[in-house]
Amino acid sequence: MHILDTIKSAAIALNANKIRTALTVLGMVIGIASVIIVFSAGEGINSLITGEIESFGGSDMFEVEIKVPSSKSGTAGEQQSAAAIMQGVQPTTLNLEDYEDILELPNVINGYAGIIGQEQVSYGNEMKLAMVLGQTSSYIELDESEIEHGRWFTNAEDRSLAQVVVLGQKIKEDLFGDSEAIGKSIKVRKSKFRVIGVLRERGAVMTFDFDKIAYIPIRTLQKRVMGIKHVQYQMFKVADVDQIDDTTEEARFILRENHDLPHPKGSREDWTDTGKDDFRVVTMIESMEIMNTVTGAITLLLLAIVAISLVVGGVGIMNIMYVVVSERTAEIGLRKAVGAKYRDIMLQFLIESILITLFGGIIGTSIGIAISWLVSLGAGAYGLNWEFVVPIKAYIVALGFSTFFGLVFGVYPARKAARLEPVEALRAE
């Protein structure tokens, strides 16, 4: 029998029982749609995280942040440090002297240092618990924040401990409503601060709402409010991205010298963390690579779960095809009696199972794309930078899986049909 005739015959057989065929296809539709959604969601999460990280600095930036020294190095040390910080351990060795020394590096062209706190902020009868950010004056030059009214504070104001503040849009509205804020004074704890600027609305980045922050010169916040000398993080911009790795190593050298820490021995690969370091230096590129690895692992985990639904759908196809073989035993016997060979019967039933999974793959892919598009619209409505992307590998995996399961779960019923003896099959009539 010609292959086209076989396909036509298989299609007619499937069309003869539409409800059973539709229910069989449904199992594959759910599995394949899930594959498309998982891949698309993985790309969407990647674009979201990449955009959020880039909002803190591009590929030409690196960060220095506090770290709890550990007896271990590498990943184990990082985990130990993160756990300690979550428990409230606060290293106090990173300071503005470190920041100014790193700014002197030839490849570093700008930077800023900061501390984060939560303080009672009040104006008149209005009182709010707000996030307070202490920043050097250069922050506004590197960050995406923009002044809407007034101005940012100067380096001179920072060094003279001037009690001035710049408000995010929401904290300004909470304290002043629609009235003018510039020139008025608010209280942070018990100290008065004159409002000199209001930032343009920016929204939240990784749950960090920039519009609810009060920005104060870092030295003022350190000495007049918090009573500390350390900082929590520092960001630096480099002139030549190709030399950023060398620059971060120079920064590590400076920090170890300043903090009286031992320099690492051995190959360069071991230099990034001695275990004794009370700081971490990381580029924005490294941060994005780490997040891509994490989201990739999550995508694989979800695909493993989706694979279970595909297997269940495949088992459903096998069961249905066994039923079909039982119902069409006499037809198989008649075809074999008039000359149909093992190959012809085998091929017809295999094509039927492949058609079921192929239809399921096409419909599932279409539904998966539609749902992924709706998810991206919903995320966009919430202000998230969620790209609608369905990567090529998603189509390959989806249609590849559908064909594979059609073959694997269709081969046994097909072999059963092809091995029937004509006389025994005809006797079933």
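The values are calculated or read from the model by the stated rules, or taken from the named source; none is laboratory data. Source: prediction; values computed, not measured. Neighbour counts run over all protein chains shown; Cβ positions are idealised from the backbone, glycine included.
Out of the residues in region 372-409 that are more than 14 Å from GLY42 (Cα to Cα) and of a type in the set (Val, Ile, Thr), which is modelled with the highest pLDDT?
Once the filter is applied, the top-ranked residue is ILE396.
Quickly run through region 243-268 and pick out the residues that are modelled with pLDDT under 90, of a type in the set (Gly, Ala, Ser) and surrounded by 12 or more Cβ atoms within 10 Å (Cβ to Cβ).
Residues satisfying the conditions do not exist here.
In region 142-162, which residue that is surrounded by fewer than 18 Cβ atoms within 10 Å (Cβ to Cβ) and polar (S, T, N, Q) is farthest from MET127 (Cα to Cα)?
Checking each candidate, the answer is ASN155.
Filter region 94-122 down to the residues that are out of contact with any Asp or Glu (no Cβ under 9 Å at 6 or more places or on another chain), in a strand (DSSP E or B) and more than 22 Å from ASP60 (Cβ to Cβ) and list them by number.
Passing the criteria: ASN95, ILE115, ILE116, GLY117, GLN118, GLU119, GLN120, SER122.
Restricting to region 226-248, give me the number of residues that are assigned to a helix (DSSP H, G or I) and closer than 19 Å to ASP98 by Cα.
5
In region 189-234, what residues are at positive phi and not charged (D, E, K, R)?
The answer is GLY203, MET206, THR207, GLY227.
Residue check, GLY227 against (1) buried (at least 17 other Cβ atoms within 10 Å of the Cβ); (2) under 30 Å from PHE176 (Cα atoms), all met but one. Which one?
(1)
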